1. Could you work out the Kirkwood radius for the stretch 22-158, taking every pair of different alpha carbons, averaging 1/r and inverting it, reported in Å?
2. Taking neighbour counts of Cβ atoms within 10 Å as a proxy for exposure, in what order, fewest first, do ARG35, ARG154 appear?
3. So for VAL57, VAL138, fewest C-beta neighbours within 10 Å to most, what's the order?
4. If the chain between HIS59 and ALA94 were fully stretched, how many nm would it gain, using 0.36 nm times the residue separation less the Cα-Cα distance?
5. Could you work out how much longer the chain between THR114 and ILE130 gets when fully extended? Use 0.36 nm per residue separation minus the Cα distance between them, nm to one decimal.
Amino acid sequence: MKKLIFGVSALICIYLVACTNDANSGNDKNISTARDILKGIETGDSTKLAAIAPDAVDHAGPTGEVTSGDSIKGSLMEMHNRIKDLKIEILGDAASGDYVYTWSKMTGTPLDSTMGFTPNQPFSISGVDIIRFRDGKVVEHWGTIDQKDLMMIRAQQMPNATTVKVTLGDSANNKKDTTRR
């Protein structure tokens, strides 16, 4: 019993020390910076993009990979300028080492089709952004959009498309009869 109490106490102490570790304060700072960047995109405040390093790479740019911090900042401000009533809601975020993972929902009304949206049609998409930091600066970004949301946007662009319903389940009726010779 004493060993069990000692073991549990040791685990609690390790957990408490880990929670106050300086690495966590770095993670908190990186999460805060990632949130600031999203707020900058939403509001059009380019000063909030200052943490993007000059040599940063956006692997998920609107037309492919975007290199250089200035080009990335320009494309993010262009996003703000092309979407009316842009809102970015952070649904959850986490950090591990140099990486911040942000799950967010973006809504708005695109003014034109430059970004692949139907003009003047409200949209709502959720996705995950992965940002890598080096010395407090963003140096890499990857992102993905929820496939369901992407399909809804594509459906808006093709109003006369045929919808096909596929049902998955028991395929007993679809099996080939191999008992007859």
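A short reminder: the numbers here are calculations on the coordinates, not readings from a lab. On a predicted model such as this, the values are computed, not experimentally measured, just so you know. Ideal geometry is used to build each Cβ from the backbone, glycine not excepted, and the neighbour counts take in all protein chains shown.
1. Working: mean 1/r = 0.0656 Å⁻¹.
Here the Kirkwood hydrodynamic radius works out to 15.2 Å.
2. ARG154, ARG35
3. Fewest-to-most Cβ neighbours within 10 Å comes out as VAL57, VAL138.
4. 10.6 nm
5. Full extension of this stretch gives 3.4 nm more.
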